[in-house]
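Right, one structure below, let's go through it.
The values are calculated or read from the model by the stated rules, or taken from the named source; none is laboratory data. Predicted, not measured: the structure shown is a model, and the values here were computed from it. FYI the Cβ positions are ideal-geometry reconstructions off the backbone, even for glycines, and counts take in every protein chain you see.
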Amino acid sequence: MLASSLLLILAAAVPGRAAPRDFAPEGTPARYMPTRQYDLQHLRLDLAFDWDARSVAGTATNTLVPLLPGVDSLVLYAAGLEVRKVRVNGAERPFTLDPEAQTLTVRLDRGYGPQDRLEVAVDYSAHPQAGLYFVGPDRGYPNKPRQIWSQGEADLNRFWFPSWDYPNDRTTTEMVATVKRPLMVVGNGKLLEVTDQPDGRRTYHWRMDVPHSTYLVSVAVGDFMRVADTWRDIPVEYYVPSGTDEATARRSFGDTPKILEFFSQVTGRPYPYAKYAQSAVVDFMWGGEENISATTQTASALHDARAEADHSSEGLVAHETAHQWFGDLITCEDWSNAWLNEGFADYFTALYKRHAHGEDAFAWEMDDLRSSYLREAERAYQRPIVTRRYADPFDMFDRHTYEKGALVLHMIHYLLGEEGWSRGIRAYVERFAGQTVTTADLQDALEKATG
């Protein structure tokens, strides 16, 4: 029952008038992830961020193991980087940059295989054109705070560090980031050390020990005020621009411990990282981004008491928190399966609102999801929820991926019933935690858990 129903739902079109255009231009080729030469095992970034120069400089060290014998060159993804030197296990090696392909190819001294472990250290600098953004005072907004923040999804982190830059590999990471005081740095994982430098700068050392896709590597630099909460003894932190009062930070983000508790219970997997931070940054292009353990939120999510009544940040906070499980702990293998990240985050946000506010709130959320999807399907285009034919990965982040994805999960929830749904989701999380997934993996997990 579930198998045939899920296939029909994933491909279903909306009855009525035809959509005015195709999702992808005719002749758009199918997109697949590049073939991996190696398993990336650790990424260390030793970087200095300079707001005045709008630059980043330092060393990215990719520790990796070749997947096949005879690997005599390595490809990292790099866009607009000024690479000075590449060393492999300490020895300098020749390299070439391909601006069109956005690649850095390193030639090795011989063929290497799965028995070998290589440390590839790249010394470089960049004035990033994407991926890392420098914002601050300008003529129109002279009081805008100075900040530096990243946005890696889908394939933009290559503009500020060289590494593998697709979702189909997972690695542990660490960042040693140096900035001018009073700026501070928020990164992924646990803060190990803060060191004052003789020149007046300050260095922050962050480490994430749970493997994750590299698009989730992030940095947020600013003159922040830190507001602290806890959940089951895990630090829950809100970084807001200096001068923001604590009441405003808690008004927008203060329900986070309750949200963490709810998702931990319904997934059967307690929040799995050393801390959970949310950094409010100015001029962010989205509502939020689910960087692992360190979500970036738009500063527009900070509301006074009157505005919060009309435009709550609860949904945004719940959506990005849900991603810590669906998107970060379990990640779509490629962007054709992006609904496994975004559809889950939208639907689990709705489930949280049912938990927090009751059935009427849940019904309103589902109606809003339905209306949003139907507007795109009727006025713009229709497509399968999973498709490899897209012009750019960002095209996949549409109402079919988010809202239709959530509606598909709601239909599965209905078909399985409350008990079957709970058993199936817990089985899916237990089986695929720490892995990349496809839609077939979800279907298989649900079928095996529910019969």
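In this structure, is Glu153 under 30 Å from Val437 (Cα atoms) and touching a helix residue (DSSP H, G or I) at 6+ places or on another chain (Cβ under 8 Å)?
yes
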Checklist outcome for this item: When the range 166-185 is checked residue by residue, the ones that are within 22 Å of Pro235 (Cα to Cα), surrounded by 20 or more Cβ atoms within 10 Å (Cβ to Cβ) and within 15 Å of the chain's Cα centre (by Cα) are Thr173
Next on the checklist: Condition first: closer than 28 Å to Asp395 by Cα and part of a loop (DSSP other than H, G, I, E, B). Can you find one or more residues in the range 119-128 that meet it?
Outcome noted: yes
Checklist outcome for this item: In the set Ser293, Ser372, the lone residue that is among the hydroxyl-bearing types (Ser, Thr, Tyr) and more than 16 Å from the chain's Cα centre (by Cα) is Ser372
Next on the checklist: So for the range 187-202 (the condition being in the same structural domain as Pro162 (by TED's automatic domain parsing) and within 15 Å of Glu289 (Cβ to Cβ)), does at least one residue qualify?
Outcome noted: yes
Next on the checklist: The conditions are (1) more than 17 Å from Asp444 (Cα to Cα); (2) under 21 Å from the mean Cα position of the chain (by Cα), and Cys332 fails exactly one of them. Which is it?
Outcome noted: (1)
Checklist entry - Here is a list of conditions, (1) under 19 Å from Thr267 (Cα atoms); (2) crowded, with 23+ Cβ neighbours inside 10 Å; (3) of a type in the set (Lys, Arg), and Arg423 meets all of them except one; can you say which number that is? => result (2)
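Out of curiosity, is Gly111 free of Cβ contacts under 8 Å to residues at least 60 places away in the same chain, in the same structural domain as Leu47 (by TED's automatic domain parsing) and on the phi > 0 side of the Ramachandran plot? Reasoning before the result, please.
Numbers: free of Cβ contacts under 8 Å to residues at least 60 places away in the same chain: yes; in the same structural domain as Leu47 (by TED's automatic domain parsing): yes; on the phi > 0 side of the Ramachandran plot: no.
No; evaluated as a whole, the condition is false for this residue.
Out of the range 358-367, which residues are among the acidic types (Asp, Glu) and surrounded by fewer than 19 Cβ atoms within 10 Å (Cβ to Cβ)?
Of all residues in the range 358-367, those among the acidic types (Asp, Glu) come to 359-360, 365, 367.
Glu359, Asp360, Asp367, listed by residue number.
For every residue, the table says whether it meets (1) buried (at least 24 other Cβ atoms within 10 Å of the Cβ); (2) not charged (D, E, K, R).
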{"position": "Asp255", "(1), (2)": "no, no"}
{"position": "Ala294", "(1), (2)": "yes, yes"}
{"position": "Glu342", "(1), (2)": "yes, no"}
{"position": "Phe348", "(1), (2)": "yes, yes"}
{"position": "Ala356", "(1), (2)": "no, yes"}
Checklist entry - Could you count how many residues in the range 359-399 are part of a helix (DSSP H, G or I) and either more than 13 Å from Thr28 (Cβ to Cβ) or among the small types (Gly, Ala, Ser) (or both)? => result 22
Checklist entry - Could you count how many residues in the range 402-420 are acidic (Asp, Glu) and either surrounded by 15 or more Cβ atoms within 10 Å (Cβ to Cβ) or touching a residue at least 12 places away in the same chain (Cβ under 8 Å) (or both)? => result 1
Checklist entry - Do any residues in the range 274-301 that are touching a residue at least 60 places away in the same chain (Cβ under 8 Å) and aromatic (Phe, Trp, Tyr) have Cβ atoms under 8 Å from those of residues that are assigned to a strand (DSSP E or B) and surrounded by 19 or more Cβ atoms within 10 Å (Cβ to Cβ), where the two are at least six apart or on different chains, and which pairs are they? => result Phe284/Trp149; Phe284/Thr296; Phe284/Gln297
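Gln102 - would you say it is closer than 20 Å to Asp392 by Cα, surrounded by fewer than 16 Cβ atoms within 10 Å (Cβ to Cβ) and of a type outside the set (A, V, I, L, M)?
Answer is no for this residue.
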Checklist entry - Of all the residues that make up the range 131-167, how many are part of a strand (DSSP E or B) and either without any contact (Cβ under 8 Å) to a residue 60 or more places away in the chain or of a type in the set (Lys, Arg) (or both)? => result 0
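Could you pull out every one of the strands (runs of 3 or more DSSP E) wholly within the range 176-229 that has 1 or more residues that are charged (D, E, K, R) and in contact with a helix residue (DSSP H, G or I) (Cβ under 7 Å, 6 or more places away or on another chain)?
Numbers: elements: 184-186, 190-196, 201-212, 220-222.
Result: empty, no element qualifies.
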